[in-house]
1. Throw me the Rg/Rh for the range 167-244, computed over C-alpha atoms with Kirkwood Rh, two decimals.
2. Tell me which of S91, M239, S19 sits at the most positive position along the dipole axis of the chain, charges placed on C-beta atoms (Lys, Arg +1; Asp, Glu -1).
3. Taking amide H positions as placed in the peptide plane 1.01 Å from N, state which residues far from K139 in sequence (5 or more) or on other chains have amide H under 5 Å from it.
4. Loop-only trypsin sites (Lys or Arg not before Pro) in the range 75-151, please: DSSP not H, G, I, E or B, and at most 15 other Cβ atoms within 10 Å.
5. About the Cα centre, and with charges only on the beta carbon of Lys, Arg (+1) and Asp, Glu (-1), how big is the dipole of the chain? Nearest 20 debye, please.
6. At a threshold of 8 angstrom on Cα-Cα distance, excluding pairs fewer than six apart, so keeping six or more, what relative contact order does the chain reach in percent?
7. Roughly speaking, what is the centre-to-centre gap between the range 203-266 and the range 5-33 when only Cα atoms are used, to the nearest Å?
8. Find the eigenvalues of the gyration tensor of the Cα atoms of the chain, then list the square roots of 5 times those eigenvalues as equivalent ellipsoid semi-axes, largest first, in whole angstrom.
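Every number here is computed from the coordinates shown, using simple stated rules; none is lab data. Remember, it's a predicted structure, so these values are computed and weren't measured experimentally. All Cβ positions, even for glycine, are placed from backbone atoms using ideal geometry, and neighbour counts span all protein chains on display.
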Amino acid sequence: MRMCSIASGSSGNCIYVGSDTTHLLVDVGISGKKTKEGLEKLGVKAEELDGIFITHEHADHISGLGVMARKYGVPIYGTKGTLKAIRCSSSVGEIDDGLFQEIEADNKIIVKDLTLSPMRISHDAAEPVAYRISHGRQKLGIITDLGCYNDYTVECLRGMNALLIEANHDANMLQVGPYPYYLKKRIAGDRGHLSNELSGQLLCRLLNDGMQTIVLGHLSKENNLPELAYETVRVEIAMADNEYKANDFPIRVANRSEVSEIIEIA
């Protein structure tokens, strides 16, 4: 199984997950053209996609969905609340209702040789989820757009071999930055986004001997820096009361607008 970030950040998110026979996207928050170009860099044709799994209906996760659905007829998977919100969104345009596939948190979906397990997250959207994806004994998690986490979050993500996890903002940059107060409050709230510190603290509860790769994603352009996210998460791991150190695992930062390197999960 492999994973690659085609785009990841507050301006657009699109993650590829696949095997030798199955090709999926988690979100398509960039243009259809950029999505197609990103897939081609991975050696995948848009026509070969087996599904698009949507985390929630915010524009940075669905802006290219209408084009991809109409042009390539790709099945769209989302919760009832998310699909309803997409249908009501004028920005994506008309989508054939037959492409929508309703899913539920904590219920598995099998697409060819990949198994996806949606999990509930805390975010200010209709019915948002994150995804755990498995291929045989290989397991990865893609979890962004969560203002907070709890024991359920940790339990769902135990034993992952790879994680793409949100490190959205630096708390200090957010507080002193140009955003209006209401927006700062939303981002830092329990239904907003994870800070670098919280991302590192969550990771500390998820580290395990089988962890192969950690990717930090969904960084804010205005309220974070890649090197700051990277170093803050490493410090949190170093300070944690557990057996693992930051150097025990490769930690990468997903590129905002370019295709990142492909991560192969052994």
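1. On the way: Rg = 13.2 Å, Rh = 13.1 Å.
Ratio value, two decimals: 1.01.
2. Highest projection toward the positive end goes to S91.
3. N161, A162
4. On the way: sites: K80, K84, R87, K108, K112, R120, R132, R137, K139; in loops: K108, K112, R137.
Hits after loop and neighbour filter: K108, K112, R137.
5. Details: 28 positive and 36 negative charges, 73 e Å.
With only Lys, Arg, Asp and Glu charged at Cβ, the dipole is about 360 debye.
6. Details: 620 pairs, mean separation 52.5, N = 266.
Computed value for the chain: 20 percent relative contact order.
7. Using only Cα atoms to place each centre, the spacing works out to 19 Å.
8. 27, 22, 17
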